[in-house]
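This report refers to the structure that appears directly beneath it.
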Amino acid sequence: MKIRFRTPVSLILTALIIALSCSVASLAADKRAITEMDLFKFVWIADPQISPDGSRIVFVREWVNQKADRYDTSLWIVPIDGGAARQLTAGPRDTSPRWSPDGKMLAFIRSGERDGKPQPAQIWLLSLDGGEAQQLTDSPRSPGAFEWSPDGKTIAFVSREDPSKEKEKPNPEEAEPIGTASGGEHKAPEHVSDVRVITKAVYRSNGAGYLNPKAHGHIWTVSVPAVAGEKPKPKQITRGAFDEGNISWSPDGSRIFFVGNRVAEPYYEPPHTDLYSVLRDGGDERKMLSFDGGMRDYTFSNDGKRIAFGGVQGHKPVQSYTQPDLFVMNNEAGSAPKNLTASYDFDIGGGIGGDQRAPRGGGGGGVLWSKDDRWIYVNVAEHGAANLKRIDAATGKVEALTSGNHEVQSYSATPDASKMALLLSTSTSIGELFLLDTASGKVTQLTRVNDELFSQLNLTDPEEIWYTSFDGKKIQAWIQKPPNFDPSKKYPFILEIHGGPHAAYGFNFTHEFQWMAAKGYVVLYTNPRGSTSYGQDFGNIIQYNYPGDDYKDLMAGVDEVVKRGYIDTKKMGVTGGSGGGVLTNWTVGHTTRFAAAVSQRSIADWAGFWFTADFTLYTPTWFRAAPWEDPEDFTKRSPLTYVKNVTTPMMFIEGEADYRTPPADGGEMMFRALKYRKIPTAMVRFPNESHELSRSGAPWHRIERLQHILNWFDKYLQDKRIKLYDVE
């Protein structure tokens, strides 16, 4: 793996990062193939937070609790001088550690149970001088994001309920029976209705379930107790019928900034974000910025005079994909933001698709300033990799802090940004913790949480390729080959298609690909047009033409691998999830070259999806109009239209709580149509699973999903008798 740094470093330092991949990927006779069951043994790191003095890093460590079929988390800490990491909290569900400004305390989120029932998560405090963690809040709803005030005396947080309430629901004795008119006779009700009255177009969310239209996220503050055991009462700072979020204290601690969009149903309009500020005790609300687009993480310069943020600039007409850029503005109401990266073909904020991020741990990085306020540090996704860059706040000049075939997944920095904690993943490493010295470029590895397991596994790096598509466009892809690959042999083949469609595969660890290769398959995963990390034009080119030329890119990639001579063209399969499920459905309706297909969390009928997904398409992005306004276009681009052409045996993977791509608009439709046509088909449904099944579903469900996918391919590509699928 090739690593380059902004400033020269010794070969020894470069070799250190290379060893992360090589040490676990080198082939040896005593190593074994990776299995689907290894998921139970994986350890994930998340949300690394470096202390203000740069001496320690606290992080979330996550693992599978196999007995309970869930993910558990606890907080760990590691010194930057190379000492061993040690456990800080027992868990089992502790996340979001944040240092106090003086580095003496940690605030974090802890979830728990009472009488066997889950309880709302709360903010807890832990002194680094020793002692047990102390609960700070007692909210009926879990607090959202929180942040320390600059003086360390107050914590601001977002809550969707009054934290002073003792009960989440009203007393049933106080409820009015259904059918009792106002002013009528009141009696203790025998029945409290559980009927939902829906009045908003967006009324449920994938993963979160049904939304409470009366609950709004507002800002609260709570004092940090000077004496252990004190229970300060939270104070509500904002009120009203709209949500506030993405909070941040001003550098002098006098005001709290937040993001809002005070439109009743904003999904009817093009993306828009407003930045407000309010006094720390409430009142004197000011609109600082009205941004035509989507505003993401923002942060203040050290002198407090400027604000930098990542965001998506509004565009008319609305685009299907708009490249995320870096903006800077003066910290004063009405300041116009300046786009620093509009001329670059990369995505501010990073983001490479994979199946091995910490399912519960969280974390990110955002936008950071250098001590002298000249440079802004951000994570950037480019050509399937994610690396840190620094950008001149005045000129937009870009310099690399790290570069190479990996993904920086999460990071944090000291207040002067002289040191940074990095979570870094490669094709053969789930993710380990590193320390970056931003002045010298020196990188030091601090953890090796998966070394014991990975030293036993026969893993291989994929082969990166660039191929020419039907119209001359260059497409990036990777070929994951079986261990001990022999190019003189013929192998069964699987094409993997990513979702989004505006997403990207790249240089990070994906269990699914490694396992398929270990089972004897050559796996191709590629970033067709529409993928991110290749610039604005490449990403948005599929607008109003999806599926379309992206499908042609995929087939050109298959042709590229086939011509190398080691693929058995009678034993080729195709699979993908979400947008990849759309393209899987589309593929089998437009070619018969694949002997088996597995479509996951897909869409078959665009009109049905338009009406039932958990987000709306009222603002035209993928289609120019509503289904009844342009029915021909919806029909033309719906995979279901071409189901009459399908001869490929198909499996459909569905999460029964998936509100992003509801099963009724995808797999169920295709399954029924193929059953009617007597094409071999099966549908596998996962109870209680959302659209995130493959990434953060229940551990056993994730394993069973992998087993079903490969069993289907084994049956039709390797002639194995799988009785479970004897459906012909």
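The values are calculated or read from the model by the stated rules, or taken from the named source; none is laboratory data. These numbers were taken from a predicted model, which means no experiment stands behind them. Here the Cβ is made from the backbone with ideal geometry for all residues, glycine too, and neighbour counts use every protein chain on show. The accessibility values were calculated without ligands, DNA or RNA, using every heavy atom of the protein model including side chains. Shrake-Rupley method; radii C 1.70, N 1.55, O 1.52, S 1.80 Å.
Here are a few things to note about the model shown:
- Scope the range 572-585; condition assigned to a helix (DSSP H, G or I) and of a type in the set (S, T, Y); matching residues: T584
- Filter result (in a helix (DSSP H, G or I) and open to solvent by less than 10 Å² (accessible area, probe 1.4 Å)) within the range 418-474: F454
- Annotation for the range 316-325: at least one member residue is under 30 Å from T95 (Cα atoms) and either surrounded by fewer than 22 Cβ atoms within 10 Å (Cβ to Cβ) or modelled with pLDDT of 90 or more (or both).
- For the residues S248, S223, the requirement of being open to solvent by less than 40 Å² (accessible area, probe 1.4 Å), small (G, A, S) and touching a residue at least 60 places away in the same chain (Cβ under 8 Å) singles out S248.
- In the range 116-161, residue farthest from H216 (Cα to Cα) [restricted to those that are at pLDDT below 85 and in a strand (DSSP E or B)]: K117
- Taking strands (runs of 3 or more DSSP E) as the structural unit, those lying wholly within the range 258-345 and holding at least 1 residues that are charged (D, E, K, R) and in contact (Cβ under 8 Å) with a residue 24 or more places away in the chain correspond to 286-291, 293-300, 306-313.
- Those residues of the range 65-113 which are part of a strand (DSSP E or B) and without any contact (Cβ under 8 Å) to a residue 24 or more places away in the chain, in sequence order: D72, S74, W76, I77, R86, G112, E113
- For the range 211-240, residues that are modelled with pLDDT under 90 and in a strand (DSSP E or B) total 0.
- Selection status of A517, among the aliphatic types (A, V, I, L, M) and under 30 Å from V312 (Cα atoms): no
- Taking the listed residues G396, G350, the one that is open to solvent by 10 Å² or more (accessible area, probe 1.4 Å) and part of a loop (DSSP other than H, G, I, E, B) is G350, with no other qualifying.
- Those residues of the range 586-634 which are open to solvent by less than 30 Å² (accessible area, probe 1.4 Å), part of a helix (DSSP H, G or I) and not hydroxyl-bearing (S, T, Y), in sequence order: W586, V588, W606, A607, G608, F609, W610, D633, F634
- Given (1) touching an Asp or Glu at 6+ places or on another chain (Cβ under 7 Å); (2) modelled with pLDDT under 95; (3) of a type in the set (A, V, I, L, M, F, W, C); (4) open to solvent by less than 60 Å² (accessible area, probe 1.4 Å), index of the condition A188 fails: (4)
- Filter result for A19 (in a helix (DSSP H, G or I) and either modelled with pLDDT under 95 or within 24 Å of the chain's Cα centre (by Cα) (or both)): yes
- For the range 329-342, filtered to residues that are under 26 Å from the mean Cα position of the chain (by Cα) and surrounded by fewer than 23 Cβ atoms within 10 Å (Cβ to Cβ), the residue that is nearest to G431 (Cα to Cα) is T341.
- Taken over the range 104-115, the criterion of being open to solvent by 60 Å² or more (accessible area, probe 1.4 Å) and modelled with pLDDT under 90 is satisfied by E113, R114, D115.
- Qualifying residue in the range 686-708 (condition: modelled with pLDDT of 95 or more, in a strand (DSSP E or B) and either within 32 Å of the chain's Cα centre (by Cα) or farther than 19 Å from E496 by Cβ (or both)): yes
- G506 meets each of the listed conditions (1) open to solvent by less than 10 Å² (accessible area, probe 1.4 Å); (2) free of Cβ contacts under 8 Å to residues at least 60 places away in the same chain; (3) in contact with a Gly (Cβ under 8 Å, 6 or more places away or on another chain) apart from (2).
- Under the condition of being of a type in the set (D, E), in contact with a strand residue (DSSP E or B) (Cβ under 6 Å, 6 or more places away or on another chain) and either surrounded by 14 or more Cβ atoms within 10 Å (Cβ to Cβ) or not in a loop (DSSP other than H, G, I, E, B) (or both), the residues counted in the range 635-658 number 1.
- Top-ranked residue in the range 78-103 [being closer than 23 Å to P232 by Cβ and among the small types (G, A, S); ranked as most open to solvent (accessible area, probe 1.4 Å)]: S96
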